[in-house]
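Read-outs throughout are calculated quantities, based only on the coordinates presented, and are distinct from any laboratory measurement. The structure displayed is predicted, hence computed values, not measured ones. Heads up, the Cβs are rebuilt from the backbone with ideal geometry, glycines too, and the neighbour counts pull from every protein chain shown.
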Amino acid sequence: MMGPQNNFVFGMLIFTVGIWTLFWKGVALWRAAKYEQKNWFIAFLAVILLINTLGIIELVYLFKFCKKPLTIEEIKVWLGLSKTTQLKKRG
């Protein structure tokens, strides 16, 4: 039997995982649309509707299969952790 404290922790865990998943799904959908990768975009929509992969498929796409793969430096800029104010354009 779960007590009130355990229910709160479980609820916070589910909430955190949900936010994590929504964030990476959003980034993956946005980049797939931006770089006109229709097959990936449709695949992400199907994943959203059918199963939850906790953002794993989205992260693999973003770092490996995207036309312009996501870099750690880009993430640092998003989070304000980088001293670089402008990303270098990659070819």
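More than 14 Å apart: what percent of Cα pairs in region 4-79 qualify?
Cα-Cα pairs in region 4-79 separated by more than 14 Å: 65 percent.
Mind checking which aspartates and glutamates have their Cα closer than 19 Å to the Cα of Lys38? Skip sequence neighbours fewer than 8 apart in that chain.
The qualifying aspartates and glutamates are Glu58.
Which one of Ala43, Trp78, Leu22 has its Cα pushed farthest toward the positive end of the charge dipole of region 4-79, where Lys and Arg give +1 and Asp and Glu give -1 at the Cβ?
Ala43
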